2 protein chains.
Amino acid sequence: MTKGRDKMIPGTLNVLILKCLSHGALHGYGVSRWIHERADDVLRVEEGVLYPALHRLERDGLIEAEWGINDTGRRAKFYSLTARGERELDAETDRWRRRSAAVSGLLDLSPGN
Amino acid sequence: MTKGRDKMIPGTLNVLILKCLSHGALHGYGVSRWIHERADDVLRVEEGVLYPALHRLERDGLIEAEWGINDTGRRAKFYSLTARGERELDAETDRWRRRSAAVSGLLDLSPGN
DNA sequence: TGCGTTACCTATGTTGTCTAGGTAATTACC
DNA sequence: GGTAATTACCTAGACAACATAGGTAACGCA
């Protein structure tokens, strides 16, 4: 139905952001590139989706932001995981594994049941 | 975050319904049970979610409905896949595999990258 | 000077899910 | 005979999230 490049699986963006930040603090633009590059172009986060998501996660206390300077001396807002964010990452990762396995299991059923 | 029983992964309900109907015509209530039982209680479709989804799929020409009688002589609306629905099932299944593999791949990355 | 990239942001529309109802017929139980 | 559970269908309203389409600004480079 959706033509062209793939976007996100709804409901997976938060956990992907948390996962990305578990490797260290990073700014929004970097998160977007991280997801896109490591997913081999299969997933892409539009900026109009990413920034609101970062703000929600910050509002919910799962990540926290701090203005800083990147490698090239440019100012950027660096996000990092809070303790709650780490716990949430673990919980949501488990949740994803359980549920995606269930979906894949159903889709793998052969026509004869 | 979400307590108790799991619900759907957003965006997967349509393809699961199509998959279910690929085993033969079935009424809405049966689709709901099929998903719930085969997913070992990991996924559950509430009726308030299922019926609107069936109506959307019918509106989009992916399934078609016909009133009939079930095993126990009770009247029920049986849904079956159209040709377009079958093609859509294949396309969406591929799409799911590609994207869920990407998500799982990211979540499986070890902390050191 | 102008383009591309990095970096951030918001607004609006649309869709989909969640919750919470409601109807009606049949079956099972007390 | 009454009532509860099950099967089977449906809608309405709220909310969250994604898609799209904008916009700002600073920097590097040709």
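For the protein assembly as shown, which whole-number percentage of the solvent-accessible area (1.4 Å probe, protein heavy atoms only) is attributable to carbon and sulfur atoms? Write down the numbers at each step before the final one.
Working: 5810 of 12410 Å².
Result for the protein assembly as shown: 47 percent of the exposed heavy-atom area is carbon or sulfur.
Using only Cα atoms, tell me the angle between helix B:47-59 and the longest principal axis of chain B; keep it within 0 to 90° and round to the nearest 10.
70 degrees
Report the closest approach of any chain B C-beta to the axis of the B-to-A rotation: residue and distance, in whole angstrom.
In chain B, the Cβ lying nearest the symmetry axis toward A is B:10, 2.
Kindly express, to the nearest 10 degrees and within the range 0 to 90, the angle between helix A:28-38's C-alpha long axis and the longest C-alpha principal axis of chain A.
Result, in degrees: 40.
Can you give the average number of partner chain beta-carbon atoms within 10 Å of each beta-carbon in peptide B:87-94, as a whole number?
1
Counting only helical runs of four or more DSSP H residues, what would the 222 nm mean residue ellipticity of the protein assembly as shown come to if each run contributes -39,500 (n - 2.57) and the total is spread over all its residues?
-17000 deg cm²/dmol
How many percent of all Cα-Cα pairs in region B:52-113 sit more than 16 Å apart?
For region B:52-113, the fraction of Cα-Cα distances above 16 Å is 63 percent.
Could you give each residue of region B:67-78 its phi-based ³J(HN,Hα) in whole Hz, using Karplus coefficients 6.51, -1.76, 1.60 with θ = phi - 60°, and x for Gly or Pro?
Working through the residues one at a time gives 6, x, 10, 7, 3, 8, x, 9, 6, 7, 9, 8 Hz.
Please compute, for peptide B:22-31, the average count of beta-carbon atoms on other protein chains lying within 10 Å of each residue's beta-carbon.
Mean number of neighbouring Cβ atoms from other chains: 1.
Can you list, shortest first in nanometers, how far residue B:49 lies from the same residue in the other copies, with each label 7 Å from Cα toward Cβ?
1.9
On the principal axes of its Cα set, how long, how wide and how thick is the protein assembly as shown? Give whole Å, largest value first.
Principal axes ranked by extent give 72, 37, 26 Å for the Cα atoms.
If you take each beta carbon of peptide A:32-45 and count the beta carbons of other chains within 10 angstrom, what is the mean?
Values: counts 0, 0, 2, 3, 0, 0, 5, 7, 4, 1, 9, 6, 0, 0.
Taking all residues of A:32-45 together, the mean is 3.
For region A:76-94 and region B:9-73, compute the distance between their C-alpha centroids and round to whole Å.
The distance from the Cα centre of region A:76-94 to that of region B:9-73 comes to 35 Å.
Copy-to-copy spacing for residue A:66, label 7 Å out on the Cα-to-C-beta vector, in nm, shortest first?
6.7
Can you give the charge dipole size of region A:1-87 about its Cα centre, rounded to the nearest 20 debye, using +1 on the beta carbon of Lys and Arg and -1 on the beta carbon of Asp and Glu?
With only Lys, Arg, Asp and Glu charged at Cβ, the dipole is about 140 debye.
Using the heavy atoms of the protein chains alone and a 1.4 angstrom probe, what is the accessible area of chain B per residue in square angstrom?
55 Å²
Over both sides of the A-B contact, add up the buried accessible area with a 1.4 Å probe and give it to the nearest 100 Å².
The buried area between A and B, both sides summed, comes to about 3700 Å².
What does a probe at residue B:55 reach in region B:13-36, counting residues whose amide N is under 15 Å from the point 7 Å along Cα→Cβ?
Within reach of a label on residue B:55, which here means backbone N under 15 Å from a point 7 Å along Cα→Cβ, region B:13-36 contributes B:28.
Suppose you put the label 7 Å out from Cα in the Cβ direction; list, shortest first and in nm with one decimal, how far residue B:101 is from each other copy's label.
1.9
Taking the 0 to 90 degree range and rounding to the nearest ten, how far is the long axis of helix A:83-108 tilted relative to the main principal axis of chain A, both from C-alpha atoms?
20 degrees
Once Rh is set to the Kirkwood radius over Cα pairs, what Stokes-Einstein translational diffusion coefficient, in µm²/s, holds for chain A at a temperature of 25 °C and a viscosity of 0.890 mPa s? Before the final figure, lay out each step's value.
Working: Rh = 15.4 Å.
For these conditions, the coefficient is 159 µm²/s.
Label-point separation (nm) for residue A:47 and residue A:76, each offset 7 Å from Cα along Cα-to-Cβ?
Calculated label separation equals 1.3 nm.
The values are calculated or read from the model by the stated rules, or taken from the named source; none is laboratory data. All figures in this text were calculated on a predicted structure; none of them were measured in a lab. Using ideal geometry, Cβ is built from the backbone for each residue, glycine included, and neighbour counts are taken over all protein chains shown. Ligands, DNA and RNA are stripped out before the accessible areas are found, and what is left, the full protein with its side chains, is counted by its heavy atoms. Shrake-Rupley method; radii C 1.70, N 1.55, O 1.52, S 1.80 Å.
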